[in-house]
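To start, the structure itself, in structure tokens.
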Amino acid sequence: MAGTKCNSCGAVHFPPRADCDQCMSSDVEWVDRESKGKIVTYTTIHAGPTGFEDVVPYTICVVELEGGGRLLGWLDEAQEEDIDIGQDVDIGLKELEGDRVIYAVRL
């Protein structure tokens, strides 16, 4: 995973930003990010939006990344009773039909 780092104040951003939200500098560079974090919240989708009707039910979660930033990801291959707020997770990618790629969160 990649994010951006401000060369003026050192703030690290994910998702990547063209400008720093701390000091407003546009002097940023790409940096590699740890693909680990903790679950902040989650929900199970039973009525999927257009394009996802064929994969319900599925669980999505918000993950607080190590080093800052949050992402919304697909909780991959987990039973709801095994999920806890604050739980450590790894983040990867998951390919869906139709050349769709999403963040996959794994317990």
Inset, instruction - Apply 1/(1 + (r/R0)^6) to the Cβ-Cβ distance of Tyr58 and Arg17, taking R0 = 25 Å, and write down the FRET efficiency to the nearest 0.05. - result: 0.30
Inset, instruction - Restricting to the chain, compute how many DSSP beta bridges are antiparallel as a %, nearest 5. - result: 95
Legend entry - Residue-wise HN-Hα coupling along region 18-34, computed from phi with Karplus coefficients 6.51, -1.76, 1.60 (Hz; x: Gly, Pro): 7, 10, 6, 7, 8, 10, 6, 6, 9, 8, 10, 9, 6, 9, 6, 10, 5
Legend entry - Footprinting exposure proxy for Glu64, Glu81 (fewest neighbouring C-beta atoms within 10 Å first): Glu81, Glu64
Inset, instruction - Return the single residue from Val55, Val12, Val31 with maximal mean-square fluctuation; model: Gaussian network over the chain, springs between Cα atoms under 10 Å. - result: Val55
Legend entry - Footprinting exposure proxy for Met1, Met24 (fewest neighbouring C-beta atoms within 10 Å first): Met24, Met1
Inset, instruction - Report, by chain and number, residues whose modeled amide H sits under 5 Å from the one on Gln87, excluding near sequence neighbours (fewer than 5 apart, same chain). - result: Ile39
Legend entry - Calculated from backbone phi, Karplus (6.51, -1.76, 1.60) coupling profile of region 91-107 in Hz, x at Gly/Pro: 10, x, 10, 9, 8, 10, 4, x, 6, 8, 10, 10, 6, 10, 9, 10, 6
Inset, instruction - Kindly write out, for region 58-66 in residue order, the coupling ³J(HN,Hα) from the Karplus curve 6.51 cos²θ - 1.76 cosθ + 1.60 (θ = phi - 60°), rounded to whole Hz, with x marking Gly and Pro. - result: 9, 10, 10, 8, 9, 10, 7, 7, 4
Inset, instruction - Evaluate the charge dipole of the chain about its Cα centre and quote only its size in Debye, nearest 20, assuming +1 on the Cβ of each Lys and Arg and -1 on the Cβ of each Asp and Glu. - result: 380
Inset, instruction - Quick one: which residues, 5 or more positions from Val28 or on another chain, have an amide H under 5 Å from its amide H? H modelled 1.01 Å from N in the peptide plane, none for Pro or chain starts. - result: Asn7
Inset, instruction - Name the most mobile residue of Asp76, Asp27, Asp88, meaning the one with the largest mean-square fluctuation, in a Gaussian network model of the chain with Cα contacts below 10 Å. - result: Asp27
Inset, instruction - For each of Trp74, Trp30, count neighbouring Cβ atoms within 10 Å of the residue's Cβ, then give the residues from fewest to most. - result: Trp30, Trp74
Legend entry - Additional length obtainable on full extension of the chain from Thr41 to Asp99, 0.36 nm per residue less Cα span: 18.2 nm
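Where a number appears in this text, it was derived from the coordinates with a stated rule and is not lab data. Computed from a predicted model, the values in this text were never measured in an experiment. Here Cβ is always computed from backbone atoms with ideal geometry, including for glycine, and neighbour counts include all displayed protein chains.
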